[in-house]
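The values are calculated or read from the model by the stated rules, or taken from the named source; none is laboratory data. Please read all numbers here as calculations on a predicted model, not as lab measurements. Virtual Cβ from ideal backbone geometry, glycine too; neighbours counted across all protein chains shown.
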Amino acid sequence: MAQKKKKKKTTINNNINVHDEETKKEELMDESFVENNTNNEDTSTSLSVIDKEELNELIEEDLVEKKVVKKRYHFFVHFLLIILFFLSIFSFGMVIMKDSSISLLINSLILTLFSIIFVVVSFTYNRNKKTMIGFGSLLLIGYYILNINNHFAIVNSPISTMPDFQGKMVTDVIKWANKNHVSIHQEYEYSDMIDEYKVISQNVKYGTNLNKIDEVTISISEGANPSKEIMIPDMVSWDSERVLLFVKENYLSNVNVEFVESDKSKDTVIEQSTSGSLKRDEELKLTFSYGEELGFDEVKLIDFTNKSKFEVEFYMKQHQLRYDFIDDFSSKVKKGFSIKQNIKAGETVSIDDERVIVTISKGPEIKVPDLLKLDVAKLTEWAIKNKLKLNFTDGYDDSIKENGIISANYKDGDIIEQGTIIKVVLSRGSLKMKNFKSLNDFYTWANKYNIKYEEEHEFSDTVPSGEVISYSYKKGDIIKNNDIIKIIISDGSKRTVPNLKGLTKKEAISKLEKAGLKYSFVYKNSSKDKDTVLNQSISSGSEISNGTTITITLSNGREEEEKKEEEKIDKKEEDKKSNFSPSNDSKNNTEEKKEEEKKQEEKKCNTCPRISPGIISNAASSSNTCGEAQGKIKSDIQDQCPGINVTVKCLEKDGYRTNDFISGFRGGTAYNGETLTSCSSIEIVLAK
C-alpha cells in the first residue's frame, strides 16, 4: 500500500514539491477530522468508512486543477508581455526611421526602456495573481497601437491626430487626406536632402487633433535646387575624372569646358573662370590641356548610351570632334541622358570630318488619360510614376462629389514630358452660403470661387452707407453652379439736395448742414457778387445718401471778372499791333474755341469731380487680394464722387499679377482714351 501510494504521488505531482504537498494533505485531513468530530457524534465511524487512499487522490486532483488554472492564467499574461515587448521595439524603430526630433527620440527611448524593464520584471514575478500586470500590459499595448495607427493612418479613430509625414511619399498623404476628409494643398520646393516627391514639411504640427484640421499644406521635394549656392574649389591641376565626379555630385548644370594645347599635363585643368561661391546653374568655364600636341587624327568612338549630356559633350571636346544633339522621347533612358548615336561605338571618326549626332532623352512620352475620371489618389500615383508636378486648387461644384476633379489643364490624349505641371481643380461639393463680416469679405470669397453676383443700392435709415442690407441667399443655402447672388447695399439715409443757387456761402453752408450733407468749395470768375453760389455738383431735388459731399462753385466777384476782361482787351490790342495777319487771327480764334470747348466738357462732367489717377493704384498696392482692392476702390471713388455707380471686376488673365489694372476707368477725366462726358457709371477691371 505504501509503495502504491508513493508511486501515484510521484506521477501526479511531477514538478510539485513533495514536502509541500504532504503538508497540505495533512492540513486538509486535520480540517476534515475536526469538522466531522464537531458536527457528528459518529466521527470515528465516518473516518473509518472513507478510505485514506481515496482521500489522498481527491486532494491531489484538487491541487492539479488549481495548478492548471494557475498556469493558464499566467500563459495569457505572458503572451501580453511578449506582444508589449515587440510593439515597444517596433514603435521605437518607427521613430528612428522617420528622422524625428531629438526630444521625440529621447521620449520614445525612455518609454521603450520602461516597457522592456516592465516585461522582464513581470516575467520574474512569482505571485500567483498577476491581474495588475495584465492590466498594465493592456494599457501599454493600447498606447503603442494608437501611436502606430496615427503614424500609418490605418483606422480613423475619434481621437486620431495629425501624423508626421516628413520623408513620406506624397501618395501616402493623399490617401490619408481622403480617408480623413482633409483638404491637401501641395507646394513644391527644392531639397538636396529629401528625395523627389517626398514630403519636406507640413504646416500642421504632428499630434494635432484631427477635429481642428480642415486643410493641410505640405511641401514636396522636387529634387536638388538648381540655383543653390555652393563653394567651387580651385580646380587648377585637377584631372578630368575628378572634375566629372565633382560636377555630378554637386549637380552643376552650366559647366562649359574647352581643351587647348599646353605644356601642362594632358586632361588637367589649367584655367577656370571663377572659384568660391557660385550658383549651380551659373556658368563655370574650365580650360583643359590636351598636351603639347593633339597626337591623333581620328578617334574610336565609345558607347554614349546612358551617359549624361555633359559627359558626352566633355568627350567630344576632349577629342576635338564635331557633334550635334537632338532630343527624343525614351521610356528606357533617364531624361537628360544619351539614347543613341548615329555612328556606332567602336567605329573610327576622323577629326573635323564627320559630325557625330547624339540623341538625348526627354524621358518617356507621356499620354494624358482622362483626368476627370480619376480620383485624387490615382491621379497622384500617375503623376509621381511619370515624374510630373501637381498643382491643386479647389472649387465648389454641385454636380461633382467632394474631392472629385472639376477640371485640369490637360485633356485626354495630350502628349507631355516629365516635369510638366498638372493644374487640377478639386471639388469641395455643393457651395453653401455663409455669414460675412463685411462686404470685402464677401468679395474675397466670391472671387476665390468664381461666384457670380449682382449689386443693387437702396437707401436705409438703419444700415450705414456701403454696408450690406441683405443677400439673396441665407446662411446654409446651397448655391448651384450658375446661380447669381444678389446683394443689396445701403446708400445710407435718404437726403434731398436743396437748391443753393444764388445763396451766399453762409446760407449754403447752413442749408447743407441741416440736410446732413458734406460740402466743398471751388471758385470761378463771375460778374456775380463774391461768395455767391453759381453752381452745385448735384442738382436740387436729387435724392442722395446722408454724408454725401456736394461741390459748390462760388463767385470770385465782379472786380476779378472786370480785371480779367481788361487783360483780355489789352492782349487783343497788343496782338493787333504786332504781327497782325489773318492766319494769327484764325489761330487765336481756334485757341479761344478750344478753351470754350474745354469749359463745356468740364460742365458736362460737373456731376463727377476729377478723380485722382492714383486712386486705383493706391488701393491695389495696399490690398492683398483683388476682392480687397475692389472694396477700397469703390469706397474711395464714391467718397470723391457721390452718386456714381462704380463697378470693379476681377478677371484671371495671363501676364498680369494680382491687382494689376487691365482696362476701364484709370482716374482723371480720361476714360478709355476719350473725354469723359458722363460720370453716371464707371467700370474698372483688375487682375486676380
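Please work out which residue is surrounded by the fewest Cβ atoms within 10 Å (Cβ to Cβ), limiting yourself to the stretch 630-688 and to residues that are at pLDDT 70 or above and acidic (Asp, Glu). Among them, the one singled out is Glu652.
Answer yes or no as to whether Leu390 is part of a strand (DSSP E or B) and within 24 Å of Gly223 (Cβ to Cβ). Taking the combined requirement at face value, the residue satisfies it.
Table: residues versus (1) in a strand (DSSP E or B); (2) touching a residue at least 24 places away in the same chain (Cβ under 8 Å); (3) assigned by TED's automatic domain parsing to the domain that holds Met316; (4) within 20 Å of Met235 (Cα to Cα).
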position	(1), (2), (3), (4)
Lys264	no, yes, yes, yes
Val269	yes, yes, yes, yes
Thr274	no, yes, yes, yes
Lys285	yes, yes, yes, yes
Gly291	no, yes, yes, yes
Phe296	no, yes, yes, no
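Answer yes or no: is there a residue in the stretch 364-377 that is small (Gly, Ala, Ser), touching a Leu at 6+ places or on another chain (Cβ under 8 Å) and touching a residue at least 12 places away in the same chain (Cβ under 8 Å). No, the stretch 364-377 contains no residue that is small (Gly, Ala, Ser), touching a Leu at 6+ places or on another chain (Cβ under 8 Å) and touching a residue at least 12 places away in the same chain (Cβ under 8 Å). The residues of the stretch 351-381 that are assigned by TED's automatic domain parsing to the domain that holds Phe304 and modelled with pLDDT under 90, listed by number, are Ile351, Asp352, Asp353, Glu354.
Taken as a whole, the condition of being of a type in the set (Phe, Trp, Tyr) and exposed (fewer than 15 other Cβ atoms within 10 Å of the Cβ) applies to Phe296. Going by the structure shown, is Asp303 surrounded by fewer than 18 Cβ atoms within 10 Å (Cβ to Cβ), part of a loop (DSSP other than H, G, I, E, B) and touching a Ser or Thr at 6+ places or on another chain (Cβ under 6 Å)? So Asp303 does not fit the description; no. In the set (1) farther than 21 Å from Gly404 by Cβ; (2) not in a strand (DSSP E or B), the condition left unmet by Ala177 is number (1). Within the stretch 229-253, residues that are in contact (Cβ under 8 Å) with a residue 40 or more places away in the chain reach partners that are surrounded by fewer than 13 Cβ atoms within 10 Å (Cβ to Cβ) and small (Gly, Ala, Ser) with beta carbons closer than 7 Å, at six or more positions or on different chains, in the pairs Glu229/Ser277; Met231/Gly276; Met231/Ser277; Ile232/Gly276.
Within the stretch 417-438, residues that are on the phi > 0 side of the Ramachandran plot reach partners that are buried (at least 18 other Cβ atoms within 10 Å of the Cβ) and among the aromatic types (Phe, Trp, Tyr) with beta carbons closer than 8 Å, at six or more positions or on different chains, in the pairs Gly429/Tyr396.
Against the conditions (1) modelled with pLDDT under 85; (2) crowded, with 17+ Cβ neighbours inside 10 Å; (3) of a type in the set (Ser, Thr, Tyr), Ser157 satisfies every one except (2). Scanning the stretch 288-338 for residues that are of a type in the set (Val, Ile, Thr) and under 45 Å from the mean Cα position of the chain (by Cα) returns Thr305, Val312, Ile326, Val333.
Remark: pairs (first residue in the stretch 378-396, without any contact (Cβ under 8 Å) to a residue 40 or more places away in the chain and over 15 Å from Ala177 (Cα atoms); second residue of a type in the set (Ser, Thr, Tyr) and in a loop (DSSP other than H, G, I, E, B); Cβ separation under 7 Å; 6+ apart in sequence or on different chains) = Leu388/Thr420.
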